[in-house]
Amino acid sequence: MRIGILGAGNMAEALGGQWVRAGHDVLVGGRSPERTAALAARIGARAGTLGEAARYGEAALLALPYDSVVGVLDAAGDLRGRVLVDCTNAVGPDLALTTGPGPGAARRIAAATGARVVKAFNHVTPAVWSRTPPVFADGPLAVPLCGDDEDALALVARLAEDLGCAPLVVGPLERADLLEATTAFLIGMWHSGRDPRTLLPPPAALGG
Ligand SMILES: NC(=O)c1ccc[n+]([C@@H]2O[C@H](COP(=O)([O-])OP(=O)(O)OC[C@H]3O[C@@H](n4cnc5c(N)ncnc54)[C@H](OP(=O)(O)O)[C@@H]3O)[C@@H](O)[C@H]2O)c1
């Protein structure tokens, strides 16, 4: 598959590196030609501009700060119908969502572009996505996916499998609001050195 990646930072390197290793043709687009070329060379991808990455291949990953995404995509031209993978976390320094009331980040990106947006890969760090494979004591890491288009969800599910993960479609894009809020909650716990896994009993213990 051909995959565009917008951004040349840590998420781009972790996910792009894995997809290149899985045999995909990846084009990384960044605002700094030097940093973009250096990253592309490190992971074996092509280098380009943000606009080229937005339009490249079957899907494009948005590995940019959330507050830059809509402006960058607007400058990239008509993206209606494109598969855009939103891994952003619109979380401020106070660990609250910066999107405020109303739709979350993924739904705002979908509304602004008309693209087929899938929320994915936002819930853990580049260190986890870089693991080969991201498998822990309970098995492969589950990757929650939210989206409204079945074909787009199936495509992104394949990209999650290519990492060695277990894709988990959890609902339409509307559910991404909850995934984004849950991730902000998890980040808050991890930042304070607490383990969110301790909150979760086995499902069988929950009763009726
Ligand atoms: N790091 C994590 O733990 C993590 C986990 C899950 C999701 N995410 C999300 O993934 C996204 C990328 O995170 P990251 O960790 O890869 O960040 P990063 O390492 O800081 O990389 C961000 C990239 O975005 C570019 N960028 C920043 N502002 C821009 C703008 N206004 N216009 C165009 N490009 C801009 C940067 O370009 P320069 O190199 O030129 O500065 C850089 O290439 C964020 O939305 C983040 O919330 C991060």
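Whether a residue is more than 17 Å from P126 (Cα to Cα), buried (at least 23 other Cβ atoms within 10 Å of the Cβ) and within 10 Å of the ligand (Cβ to nearest atom) was assessed, and G4 does not pass this test. Among the residues making up the stretch 7-35, a single one is assigned to a strand (DSSP E or B) and surrounded by fewer than 22 Cβ atoms within 10 Å (Cβ to Cβ): D25.
Out of R158, R194, which single residue is more than 24 Å from I3 (Cβ to Cβ), surrounded by fewer than 20 Cβ atoms within 10 Å (Cβ to Cβ) and away from the ligand (no atom under 16 Å from the Cβ)?
The match here is R194.
Within the stretch 77-112, take every residue that is of a type in the set (D, E, K, R) and either crowded, with 22+ Cβ neighbours inside 10 Å or under 18 Å from G4 (Cα atoms) (or both) and give me the one that is farthest from the chain's Cα centre (by Cα). Here the answer is D78. Just one of the listed residues (G114, G51, G81, G100) is small (G, A, S) and within 12 Å of the ligand (Cβ to nearest atom), and it is G51.
In this structure, is T183 farther than 22 Å from D195 by Cα, within 14 Å of the ligand (Cβ to nearest atom) and at pLDDT 95 or above? Criteria not met by T183.
Checking every residue in the stretch 56-67 against the condition of being near the ligand (Cβ under 10 Å from one of its atoms) and surrounded by fewer than 22 Cβ atoms within 10 Å (Cβ to Cβ) gives at least one match.
The values are calculated or read from the model by the stated rules, or taken from the named source; none is laboratory data. The shown structure was predicted, so the numbers you read here are calculated from the model rather than taken from an experiment. Don't worry about glycine lacking a Cβ; one is built from the backbone with ideal geometry, like all the others, and counts go over all protein chains shown.
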